[in-house]
Amino acid sequence: MKIGILTFQRAYSYGAKLQAYALSTYLCQLGHQAEIIDYSNIGEGKAPGINFCSIGCFIKSCVSYVNSLNKEKKRRNKLQAFFLQKTPHSKRYIDSSSLNGIENKYDIFIAGSDQVWCPRYNLGDLNFLLSFVKDNKKKFSYAASFGTTLISSEYEESYRRCLSSFNKILVRETEGAKIVKSLINRDVEVVLDPTFLLSKSHWEAIARYPFKQKFNYILCFKILSVTPAYKNLIDYLQTITGYKIVVLDTSYRYKPVKGILYSTAGPEDFLGLIMNAQIIVTNSFHATVFSILFNKNFYTVLNDNGLNSRMVDLANKLGLRQRMFDCNSTFPVLEDIDIDYQVINPVLCSEIQESKRLLLSLLN
C-alpha cells in the first residue's frame, strides 16, 4: 500500500526525527510504500527562550545565545539532514490548503507517533487528527500521544468529532486510551513507540560515537530545566562511580550541569552517546527508550510539570518503575545501579511483538 504518515517531522528534536524515521522505515521493510507527509513546520522555527528572571540572567542568556549560534546551526543542520536523507518523505506541504487533493495519493493515512494529539504542540491543527481525509476507512493512528492526561474543554468537541471518524486507533500511553474512551467511548489498544519496531542492531548500525577516545562517562540529557533532583542525582552518581560527566545539550544553556558539553550532536551522535555511556540520566522519553533498547543503566528524572505519563507507562510495562527518579526518591547504592536485562528483555520482546501484531492488524 501507499501509506502517508502525519507527525512532527520538522521539530529540531532527536526523538521527533527518530520516531518518524522508525515508523516509515519499518513500514517500508514490510513491503509498503510508506512516507512521512512533510506537512507543517511545527518546532522548526522554535528558538531557545531568553531568561527574564533577572537582569543578570537576561544578560547571561543573551550572551550565551549569541555565542552559540554557530554550534546550534550545526546541530540543526544534522537533524534536518537526517530527515531529508534517511527518512522516506513526500514533497513539502506548507499549510492546510496545500493538502487539498492529497487524499487520492495514498491508500491509508496514519497519525503518529509522538505527541501529535497534544493541543499544546499541534497548536489546535486538526490535520494531525486527519481532518482533511474524507474517507474514514483510510484513517488510522499508531502510537499517537496526547502528552497529557486531560483534553481541555475548548478542544473536546473538535477532538470528539475527529476521533470518531477513525477506522482504528492505536495510542502510545494508557492515559491516551483513557482520553479516547472518555471522548468517544471506544476501547483502544496501547502500543510501543515506533522506535521499538526497529531492531537493536539496526540502531547500532546508525549510531556514531563522536569522541576520538573511549572513556567511562555518565551521559546527561535534558529537554527541560535542570531540577534539583536531576542535578543532585548526577552529582551523587559521579561521586560513587568516579565517571566523567558528558552533557548532551544545546550550548544556549548558560548554566548546564558541569561536565563535557557536547552541543552539536545529530541523531547518529545522540544514539552513539547513549550506546557508549555507562549510565544515562535524563528526563527525555526517547533517551529513556534508547537506553532500554541498548540495555544501558539509566535513571529518568520525572518532570516537575507532571507530564510524565509516557515515561511512567513504559517503565511500568517493563518492570522499571524504580528507574523513575524525583525529589522524593532515595539515592541508589552502587550495587543497585546495574539493571538485570535478562529479566527485562523477554518482557520487552513480548511487548514489541504485540505492538507489531497490532500494527499488522491495522494494515490488514
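The values are calculated or read from the model by the stated rules, or taken from the named source; none is laboratory data. No experiment lies behind these values; they were computed from the predicted model shown. All Cβ positions, glycine included, derive from the backbone under ideal geometry; neighbour counts span all protein chains shown. The accessibility values were calculated without ligands, DNA or RNA, using every heavy atom of the protein model including side chains. Shrake-Rupley method; radii C 1.70, N 1.55, O 1.52, S 1.80 Å.
Conditions tested, residue by residue: (1) in contact with a Lys or Arg (Cβ under 9 Å, 6 or more places away or on another chain); (2) assigned to a helix (DSSP H, G or I); (3) touching a residue at least 60 places away in the same chain (Cβ under 8 Å); (4) over 27 Å from His202 (Cβ atoms).
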{"site": "Ile240", "(1), (2), (3), (4)": "no, yes, yes, yes"}
{"site": "Ile245", "(1), (2), (3), (4)": "yes, no, no, yes"}
{"site": "Leu271", "(1), (2), (3), (4)": "yes, yes, yes, no"}
{"site": "Ile280", "(1), (2), (3), (4)": "yes, no, yes, no"}
{"site": "Asp304", "(1), (2), (3), (4)": "no, no, yes, yes"}
{"site": "Asn316", "(1), (2), (3), (4)": "no, yes, no, no"}
{"site": "Glu335", "(1), (2), (3), (4)": "no, yes, no, yes"}
{"site": "Asp338", "(1), (2), (3), (4)": "no, no, no, no"}
{"site": "Asn345", "(1), (2), (3), (4)": "no, yes, no, no"}
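Candidates in the stretch 295-312 are the residues that are open to solvent by 10 Å² or more (accessible area, probe 1.4 Å) and of a type in the set (A, V, I, L, M, F, W, C); of these, the one that is farthest from Tyr65 (Cα to Cα) is Val312. A single entry from Ile151, Ile179 fulfils the requirement of being part of a helix (DSSP H, G or I) and open to solvent by less than 20 Å² (accessible area, probe 1.4 Å): Ile179.
Take Lys231 and tell me if it is in a helix (DSSP H, G or I), open to solvent by 60 Å² or more (accessible area, probe 1.4 Å) and either modelled with pLDDT under 95 or in contact with a strand residue (DSSP E or B) (Cβ under 8 Å, 6 or more places away or on another chain) (or both). Here the answer is yes, as Lys231 does meet what is asked. Out of Ser284, Ser263, one residue alone is within 19 Å of the chain's Cα centre (by Cα), small (Gly, Ala, Ser) and surrounded by fewer than 20 Cβ atoms within 10 Å (Cβ to Cβ). It is Ser263.
The condition of being in contact with a His (Cβ under 8 Å, 6 or more places away or on another chain) and either under 27 Å from Gln9 (Cβ atoms) or of a type in the set (Gly, Ala, Ser) (or both) holds for only one of Glu35, Glu72, that being Glu35. Under the condition of being open to solvent by less than 60 Å² (accessible area, probe 1.4 Å), aliphatic (A, V, I, L, M) and within 29 Å of Phe270 (Cβ to Cβ), the residues counted in the stretch 116-128 number 1.
The set of residues in the stretch 178-228 that are touching a residue at least 60 places away in the same chain (Cβ under 8 Å) and charged (D, E, K, R) comprises Glu189, Asp193, Lys200, Glu204, Arg208, Lys214, Lys222. Here the condition is being touching a Ser or Thr at 6+ places or on another chain (Cβ under 7 Å) and not aromatic (Phe, Trp, Tyr); of Gly147, Gly176, it holds for Gly176 alone.
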